[in-house]
Every structure is written in C-alpha cells, then in structure tokens.
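To keep things clear, I will list the structure first and then write my remarks on it.
The values are calculated or read from the model by the stated rules, or taken from the named source; none is laboratory data. This one's a predicted model, so the numbers in the text were calculated from it and none came from an experiment. FYI the Cβ positions are ideal-geometry reconstructions off the backbone, even for glycines, and counts take in every protein chain you see. When the accessible area is computed, the model is the full protein with side chains, heavy atoms only, and any ligands, DNA or RNA have been set aside. Shrake-Rupley method; radii C 1.70, N 1.55, O 1.52, S 1.80 Å.
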Amino acid sequence: MKEYIERVPISIGGVILGITAMGNLLYDYISYSREICGTIAVLLGILVVLKLIYYPKYFKKDLNNPILASVIATFSMALMLIANYIAPYIGLKTAYFIWIFAIVLHLFFLANYIQKYVLHFKLENYTAGSFVVFAGVQMIAITAPVFKQEFIGSVAFWFSFICVVCVFIIVCYRYLKIPVAGPVKPIIGVYGAPFSLCAVGYLSSLSPINTYFAVSMYVITKVLYIMIIYKFITYIKYPMYPTYAAYTFPVVINAVTTMKLMKYLTGLGINASLMEVELIIEIAISIVLVVHVLRYFLIVIFEIKSREMIL
C-alpha cells in the first residue's frame, strides 16, 4: 500500500480540484453530482494526505520547485470548494472553520511562492503553472457567499485580479522568449483558468455587477480556451505526463464561467440561448478530459514503478 502512496504525484491536486468543480458544473443537470464528485475528490485527497504523512520530504522538495510550488495550491483551492459542499451535512460553523483553514493554507503557498520566485525573480521559473497560486485566491471570492463573507470575497477578487494581469504579462513574455521542455508543455492548459476564475469570482462576490466588465472577461476566457484546446490537440502525439492535469480544472472552470454569465444575462432578460448550446459542448469536453487525465493518474499510482516519470 505504501508503494502506491509514494507514487501519488503532487500534480494530482489539479485533478482533485477539477473533479470537485465538476460537481458544481453538473449540479443543474444531476442533483447528486456534488456528492459523487465530492466523494471521488475526498478519496484522492486522502491519498495526498497519506503521502504527506509518510513522505513529507517530497512536499518539502515540491515547495522548492518553481512549477510545483504554485501547482500545490490546487489542494487549498479544492478544500475551499469541499467546505462549500459539506456545509449542509456538517453544519455551516464547522464548514466555515475548514474554509478558513483552506484560506490560511493557500496564503502559505502564496507567501512561499512570492518569497522564492517573485522576490528572487528569474524569468525561466515562470510558466502557465505560475497562475495557479495567484488566480487561486479567486476561490475565496467564489466560495465566500456560502458563508456570507462577500466583503472578504470582493477583496480577494481585486487582489487576485491585479496579480493575474501582472503574471499574465510575465508568463506570455516568458513563452515568447524561452521555450519549454516537452514534459512541461501541457501545463499551458492552465492559461484557461486565471481569467475564468476572475470572471466567476466577480459574478459570485461583487455587487453591483458591471455587465461590460463581466462580458469582457468572458471573451478573454474563450479566446484562451480555444487556444488551449488547440494546443491539446497538437499534444496528442506526445506521451502522457503529469502536467496534463492542467487540462482538468481549467476546462471545467471555463464551462462554469459560461454557466454563471448565462444565468446572469438571463436574469437581466437577455436571450442567452446560444450560450446554453456552448455550455453543453464545454461540459462534454470537460467530462472527457477529466476522465482521460484521471485514468492516467490512476495508472501512475497503481501500476508505474518509476518515480522518474512523476513531477
């Protein structure tokens, strides 16, 4: 059993987050989707916790890796969502404490990244994965309404949004100037997440909503979404890598962006029927990619012996 636990890659956090978010995405169509997705996410999360207990040295090492030091924040993001899920079952007060713990954990990951890779800046350390720890702060804004903490959510939104814009410029410049190695290429999928998170965070915690601003973020997310899907198609010829986890949560949160904006525009009396068609297509793509990547990670954990394949 311990050999399986040792093989759990840190990048599985992105898969856990994607599955957790999938529960919200499918809720309007399958009323028990949160229970199904939440259970799968918790089971995978237990593997990560066990690895932390049995092999803490790997986590210390991950915090010193410029990619994994940001990607690790997917765990705290997933925990914020899970706190939302379980609130009706364990009580709002208990869930609130879990939510606060997740926020503190995320801020720890953020502080670690800033100390090591912002204050000691090197352009080559930045990839699309660098978005995670900064854009992940938007999860506070997305989950805050359940605990009636919209003010905290609004502060989190603006802080994260400013960080995302700055990091977006740096990461784009990095990709233009410095090519990335083959195994790292799929992490470009994270490009689909930052502005999607910003859009969902904005529509969740801020009031009043500026429709033009919300639509502008939506348009940006769709341009980036088309780009990462195109990239995924070109990467099919490559072997599977743990960095393909970048094609789980980003595609799910893109669909959530469509759903959120569609509901908002419908509430204003605007016909958004075309967005409903778009949403169904994006949900289908999300399910296919999440299942595809989850299958790979299960193979890594339970069959592959070599740790050299695991980031």
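Observations on the model:
- Residue among Ala156, Ala144 that alone is modelled with pLDDT of 95 or more, within 19 Å of Gly23 (Cβ to Cβ) and more than 15 Å from the chain's Cα centre (by Cα): Ala144
Each row is one residue, and each column tells you yes or no for (1) open to solvent by 10 Å² or more (accessible area, probe 1.4 Å); (2) modelled with pLDDT under 95; (3) touching a His at 6+ places or on another chain (Cβ under 9 Å).
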| residue | (1), (2), (3) |
| --- | --- |
| Asn84 | yes, yes, no |
| Pro88 | yes, yes, no |
| Phe97 | yes, no, no |
| Ala102 | no, no, no |
| Leu105 | yes, no, no |
| Asn112 | yes, no, no |
| Phe131 | no, no, no |
| Ile152 | yes, no, no |
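- Residues in the stretch 114-129 that are of a type in the set (S, T, N, Q) and surrounded by 14 or more Cβ atoms within 10 Å (Cβ to Cβ) were compared, and the one that is nearest to Ile169 (Cα to Cα) is Thr127.
- Filter result for Val137 (modelled with pLDDT of 95 or more and open to solvent by less than 30 Å² (accessible area, probe 1.4 Å)): yes
- The test for being under 17 Å from the mean Cα position of the chain (by Cα), modelled with pLDDT under 95 and under 26 Å from Ser76 (Cβ atoms) does not hold for Leu298.
- Any hit, the stretch 62-77, residues being closer than 23 Å to Tyr241 by Cβ and of a type in the set (D, E, K, R): yes
- Test result for Ile67, among the β-branched types (Val, Ile, Thr) and crowded, with 21+ Cβ neighbours inside 10 Å: yes
- Just so you know, in the stretch 135-151 the residues that are of a type in the set (A, V, I, L, M, F, W, C), outside any loop (DSSP other than H, G, I, E, B) and out of contact with any Pro (no Cβ under 8 Å at 6 or more places or on another chain) include one that is farthest from Phe101 (Cα to Cα), and it is Phe151.
- Filter result for Val219 (buried (at least 20 other Cβ atoms within 10 Å of the Cβ) and either in a loop (DSSP other than H, G, I, E, B) or of a type in the set (A, V, I, L, M) (or both)): no
- In the stretch 249-276, the residues that are within 24 Å of Pro194 (Cα to Cα) reach residues that are open to solvent by 50 Å² or more (accessible area, probe 1.4 Å) with C-beta atoms within less than 7 angstrom, at least six apart or across chains, in these pairs: Val251/Ile285; Met262/Glu276; Ala272/Thr266.
- Tabulated pairs, the stretch 152-173, first closer than 22 Å to Tyr96 by Cα, second among the hydroxyl-bearing types (Ser, Thr, Tyr) and in a helix (DSSP H, G or I), C-beta under 7 angstrom, 6+ apart or interchain: Gly153/Ser204; Gly153/Ser205; Ser154/Ser205; Phe157/Tyr202; Phe157/Ser205
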